[in-house]
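The values are calculated or read from the model by the stated rules, or taken from the named source; none is laboratory data. Quantities reported herein were computed from a predicted structural model and do not represent experimental measurements. Just so you know, the surface numbers come from the protein's heavy atoms only, side chains and all, with ligands and any DNA or RNA stripped out. Shrake-Rupley method; radii C 1.70, N 1.55, O 1.52, S 1.80 Å.
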Amino acid sequence: MHQTESRTRQARRLRSDMTGAEIHLWRMLRGRNFEGLKFRRQVPVAGSIADFLCPEFNLVIELDGGIHRLREVEDAERDLKLAEAGFIVLRFGNEAFLRNPNELLDAIRWHVASVRSHPPHPSGSA
């Protein structure tokens with residue numbers, strides 16, 4: 001799906017209006033501070049805007065506030081679209097992340113390790 005001007009504007013707005021949990025995670029991830037991985041924040045991906053993206057490993061990280069409890073169906077549909085586009089989504093609640101950031105960081109490490117131990121076949125098929 002191609003990028004639209006409105007989606008770019010929305011991503012820029014979200015970057016300036018990040019939640020406390022998103023700011024905290026961004027401080028941990030930015031500048032390849034975490035495991036040398038490159039992350040982008042509030043980036044358009046597969047028709048939506050991901051909170052955080054590690055393009056090298058097709059990894060999307062979503063930090064959800066309380067409003068997402070009311071949007072579980074929409075979030076599940078969005079996760080499915082991202083999965084169909086080849087992305088893995090790690091979704092954590094803001095409170096859970098702030099209580100124990102290592103749980104999310106360990107999930108990122110696990111995903112990266114699993115991709116590195118099973119690289120895709122060069123021909124694109126298994």
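Observations
- Each semi-axis of the equivalent ellipsoid for region 62-114 is √(5λ) with λ an eigenvalue of the Cα gyration tensor; in descending order they amount to 19, 18, 5 Å.
- Solvent exposure of region 50-101 as accessible area per residue, Å², 1.4 Å probe: 54
- Extension gain, residue 18 to residue 32, is 3.1 nm, computed as 0.36 nm per intervening residue step minus the present C-alpha separation.
- For region 113-118, Karplus couplings with θ = phi - 60° (6.51, -1.76, 1.60), whole Hz, Gly/Pro x: 5, 5, 5, 5, 7, 10
- Karplus-derived HN-Hα couplings along region 29-35 (A = 6.51, B = -1.76, C = 1.60, θ = phi - 60°), whole Hz, x at Gly and Pro: 9, 4, x, 6, 5, 9, 6
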